[in-house]
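S.K.: Following this message is one structure expressed as structure tokens.
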2 protein chains.
Amino acid sequence: MSYERANIREMTGYASGEQPEQPDIIKLNTNENPYPATAAVAEALRNCRVEDLRRYPSPLADRFRRTAAEYHKLEIDNIIPTNGGDELLRLVITTFANAGDTLAIAEPSYSLYPVLADIQGCKTARIMLGEDWSNPEDFADQANRAGARIAFVVNPHAPSGHLNSSAELSRIAENFSGVLVIDEAYVDFIDPELRYDAVELTRKFDNVLVLRTMSKGYSLAGLRFAYGIGAQSLLAPMLYKTRDSYNTDYISQTLATAALQDRAAAALNWAKVRAERLRLHRALSEMGFYCGSSQSNFILAQIPQHADALAGAERHALSLYQQLKSKGILIRYFDQPRLRDKLRITVGTPDQNTQLLLALRQLLQTSTD
Amino acid sequence: MSYERANIREMTGYASGEQPEQPDIIKLNTNENPYPATAAVAEALRNCRVEDLRRYPSPLADRFRRTAAEYHKLEIDNIIPTNGGDELLRLVITTFANAGDTLAIAEPSYSLYPVLADIQGCKTARIMLGEDWSNPEDFADQANRAGARIAFVVNPHAPSGHLNSSAELSRIAENFSGVLVIDEAYVDFIDPELRYDAVELTRKFDNVLVLRTMSKGYSLAGLRFAYGIGAQSLLAPMLYKTRDSYNTDYISQTLATAALQDRAAAALNWAKVRAERLRLHRALSEMGFYCGSSQSNFILAQIPQHADALAGAERHALSLYQQLKSKGILIRYFDQPRLRDKLRITVGTPDQNTQLLLALRQLLQTSTD
């Protein structure tokens, strides 16, 4: 007999990127940071003892919250710690949207959003992004017309790396009647000279929730620690009601705190990733791929099309993905509209990127021979 | 403006036991194991490197699941890993109960259940436990009459420590039309001579979910790692649809696996806890408290009543709790029906228990002077 709710029975689960266990694979498919966490984080880990795990952790990760609040010049009740960014996304939906409500989702973006909507029994309104993956000018109007309770925007956008300015996001926040989630999973890789800052929006608007994670910029994907930033009134129901009572563990709290305190050291790695992003972008463009500008740690590379040969480009993209995989290089291929003729490539170490470019050049050579 | 759902706005959050940061407190209030995790777990922690955290963890904790499946003589799809037991309880509700559905809850028991019901917008049917905290004979009938989709039983029972036999649970599983959750958070402290085994029920019934945690028996409350055991058909929607995609982290997976493999060493601590439980039970009884038999790592001690002086016993219990706290000894007082004249005391180390008994004796002496 099957006991699950009807909407769960009918839905399809989230398909995460492949996580192969072989250490020798060149893994450029799930946007991990190519460099390990900094020395201060390593030391914090070495100082953890099993004796520290005997008791329950701080329910609200107060030491981490104090550190994050100081960093963002906010109060601790403007910070909510979560077991990875996914938990925060789920919490937002279960806290602010009833079954039957509508969620607005930039399309294409993180494929987990519609899965979380399905779990809660919510409908989705897909808001089509522009040719350059920017949010449409009437994003808020479209979301309001759909009656959306929550709207999700990834910035820098995934899977393209396109950056919306905080002014554009401010306009959406001001005009949207529901909760605006700005998923900043990749914020650390933005060029600092752009002076992007969406956290300031949480001071002006009580409907803005900014998501930050330690997974990417801080090289701690294996640790599962993220946090949300927002008005106290917005966070309170999640902090004090819907969050699992001990949702983050002692070690992740300790390491996340150390990582945030040592962010100047992590920033050296972000600069290295930006330098390699530029090199990769140039090399891919020279090879004939079209790559939009990326402010993230990945590049979306479009296979060149001749006339209306989209189907050919799509076949070619899939085939390149598969051939790279057989050579031990994993990148990401999305079987969905607007993405089938593209490859998403995480920026790796200089050596990994060189190997990827070499392999790609060989494959393109062979296919034109 | 307030954006949360109406049921969230109206509900009250879960109040967890106090988690003071001072290390010198004698903490007998949230049922932690008094002994740290074993040497094998300490070594597994020492072997964790920040390099291991750069990548995402195994989404389903496959190494842990193989270990647990082998231990329980089941398949890996009979095991679901979760971020503490609380996550599994939440998952069960969001997967199997729609808003408006009813959940059957043994009363009194873990006060988180009704909070989780509120979050999902579910109703609760409280099933009153007997005088000795045993499940009523017609538990399944009561739950069925209430139309419950899920029923929650803690075994050994909390906050009393009473153990229901697996035969009794089997009768409930057989007759209940919904999903029966057997929360075995404290199972490791049961006297092995009793040969209690409810995991066998998951082989016979497709509606039984057994919850196990590494928090108590394995001294890893700070780590947040638990797991569910059940039929593949029961676990599949949680494993592949409703669970957060990376719900447990690399370190907790690694340490939980090491702990389960080293359970023979942990069992030496369980025996020590049982020995102290007996000593505490005897000493409290001699002091005039009424304590039922406990198969857990805590004792529920009832203040002696004279005639119908319940109110006096309740005042006395609260006052003892407060006075112990002012002496640096934390135990648990529940301000709810049937529990207000009782104190729940976690079994500590021999020295902690001796100090508790000394302090209690002094306080009782003073109050009768």
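The values are calculated or read from the model by the stated rules, or taken from the named source; none is laboratory data. The structure presented is a predicted model; accordingly, all values stated were derived computationally and were not measured. No Cβ is skipped: glycine too gets one built from the backbone with ideal geometry, and neighbour counts run over all protein chains shown. Heavy atoms of the whole protein, side chains included, go into the accessibility calculation; ligands, DNA and RNA do not. Shrake-Rupley method; radii C 1.70, N 1.55, O 1.52, S 1.80 Å.
S.K.: Among the residues of region B:43-53 satisfying the criterion of being part of a helix (DSSP H, G or I), of a type in the set (A, V, I, L, M, F, W, C) and facing another protein chain (nearest Cβ under 8 Å), which is farthest from A:GLU32 (Cα to Cα)? Outline the logic, then answer.
M.R.: Step one: filter region B:43-53 for residues part of a helix (DSSP H, G or I), giving B:43-46, B:50-53.
Adding the requirement that they be of a type in the set (A, V, I, L, M, F, W, C) leaves B:44-45, B:50, B:53.
Filter once more, keeping what is facing another protein chain (nearest Cβ under 8 Å): B:45, B:50, B:53.
Values: B:LEU45: 23, B:VAL50: 13, B:LEU53: 10 Å.
Within region B:43-53, the match that is farthest from A:GLU32 (Cα to Cα) is B:LEU45.
Matching residues to (1) touching a residue at least 40 places away in the same chain (Cβ under 8 Å); (2) open to solvent by less than 40 Å² (accessible area, probe 1.4 Å):
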| position | (1), (2) |
| --- | --- |
| B:LEU278 | no, no |
| B:TYR321 | no, yes |
| B:GLY328 | yes, yes |
| B:PRO350 | yes, no |
| B:LEU360 | yes, yes |
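S.K.: Additional query: Here is a list: A:GLU51, A:GLU4. Which entry is of a type in the set (Asp, Glu) and open to solvent by 50 Å² or more (accessible area, probe 1.4 Å)? Working first, answer last.
M.R.: Details: A:GLU4 fails: open to solvent by 50 Å² or more (accessible area, probe 1.4 Å).
Being of a type in the set (Asp, Glu) and open to solvent by 50 Å² or more (accessible area, probe 1.4 Å) holds for just one of A:GLU51, A:GLU4, which is A:GLU51.
S.K.: With respect to B:ARG212, determine if the residue is basic (Lys, Arg), closer than 24 Å to A:PRO59 by Cα, open to solvent by 20 Å² or more (accessible area, probe 1.4 Å) and away from every other protein chain (no Cβ under 11 Å). Spell out how you get there, then give the answer.
M.R.: Values: basic (Lys, Arg): yes; closer than 24 Å to A:PRO59 by Cα: yes; open to solvent by 20 Å² or more (accessible area, probe 1.4 Å): yes; away from every other protein chain (no Cβ under 11 Å): yes.
The answer is yes for B:ARG212.
S.K.: Which of the residues spanning region A:57-76 are in a loop (DSSP other than H, G, I, E, B), within 11 Å of chain B (Cβ to nearest Cβ) and over 22 Å from B:THR254 (Cα atoms)?
M.R.: Within region A:57-76, A:PRO59, A:LEU60 qualify.
S.K.: State all residues of region A:254-273 that are open to solvent by 20 Å² or more (accessible area, probe 1.4 Å) and farther than 22 Å from A:PRO192 by Cα; if no residue qualifies, say none. Please lay out each step first, then the result.
M.R.: Initial filter on region A:254-273 (open to solvent by 20 Å² or more (accessible area, probe 1.4 Å)): A:254, A:261-265, A:267-272.
Answer for region A:254-273, where residues must be open to solvent by 20 Å² or more (accessible area, probe 1.4 Å) and farther than 22 Å from A:PRO192 by Cα: just A:THR254.
Every residue, every condition in (1) farther than 18 Å from B:ALA221 by Cα; (2) at the interface with another protein chain (Cβ under 7 Å from one of its Cβ atoms), yes or no:
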{"residue": "B:ALA15", "(1), (2)": "no, no"}
{"residue": "B:ILE25", "(1), (2)": "no, no"}
{"residue": "B:LEU28", "(1), (2)": "no, no"}
{"residue": "B:GLU32", "(1), (2)": "no, yes"}
{"residue": "B:PRO36", "(1), (2)": "no, yes"}
{"residue": "B:VAL41", "(1), (2)": "no, yes"}
{"residue": "B:ARG55", "(1), (2)": "yes, yes"}
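S.K.: Just to check your reading of the model, which residue among B:ALA125, B:ALA146, B:ALA117, B:ALA140 is open to solvent by less than 10 Å² (accessible area, probe 1.4 Å) and more than 22 Å from A:SER245 (Cα to Cα)? Can you show your working first?
M.R.: Working: B:ALA125 fails: open to solvent by less than 10 Å² (accessible area, probe 1.4 Å); B:ALA146 fails: open to solvent by less than 10 Å² (accessible area, probe 1.4 Å); B:ALA117 fails: more than 22 Å from A:SER245 (Cα to Cα).
Sole residue among the options that is open to solvent by less than 10 Å² (accessible area, probe 1.4 Å) and more than 22 Å from A:SER245 (Cα to Cα): B:ALA140.
S.K.: Still on this structure, please answer the following. So which of A:VAL199, A:VAL210 is among the hydrophobic types (A, V, I, L, M, F, W, C), without any contact (Cβ under 8 Å) to a residue 60 or more places away in the chain and touching a strand residue (DSSP E or B) at 6+ places or on another chain (Cβ under 6 Å)? Outline the logic, then answer.
M.R.: Working: A:VAL199 fails: without any contact (Cβ under 8 Å) to a residue 60 or more places away in the chain.
None of the others qualify; the one that does is A:VAL210.
S.K.: Further, regarding this structure: Return only the number of the condition from (1) in contact (Cβ under 8 Å) with a residue 24 or more places away in the chain; (2) of a type outside the set (Asp, Glu); (3) in contact with a Lys or Arg (Cβ under 9 Å, 6 or more places away or on another chain) that A:PRO114 does not satisfy.
M.R.: The one condition A:PRO114 does not meet is (1).
S.K.: Something else about it: Within region A:288-328, restricting attention to residues that are part of a loop (DSSP other than H, G, I, E, B) and of a type in the set (D, E, K, R), which residue is farthest from A:GLN362 (Cα to Cα)? Lay out the reasoning, then the answer.
M.R.: The first filter runs over region A:288-328 and keeps only residues part of a loop (DSSP other than H, G, I, E, B), leaving A:288-289, A:292-297, A:303-309, A:327-328.
Then keep just the ones that are of a type in the set (D, E, K, R); that gives A:308, A:327.
On the way: A:ASP308: 25, A:LYS327: 11 Å.
Among those that are part of a loop (DSSP other than H, G, I, E, B) and of a type in the set (D, E, K, R), it is A:ASP308.
S.K.: For region A:223-243, state whether one or more residues are within 11 Å of chain B (Cβ to nearest Cβ), without any contact (Cβ under 8 Å) to a residue 60 or more places away in the chain and crowded, with 24+ Cβ neighbours inside 10 Å.
M.R.: The answer is yes, given that some residue of region A:223-243 is within 11 Å of chain B (Cβ to nearest Cβ), without any contact (Cβ under 8 Å) to a residue 60 or more places away in the chain and crowded, with 24+ Cβ neighbours inside 10 Å.
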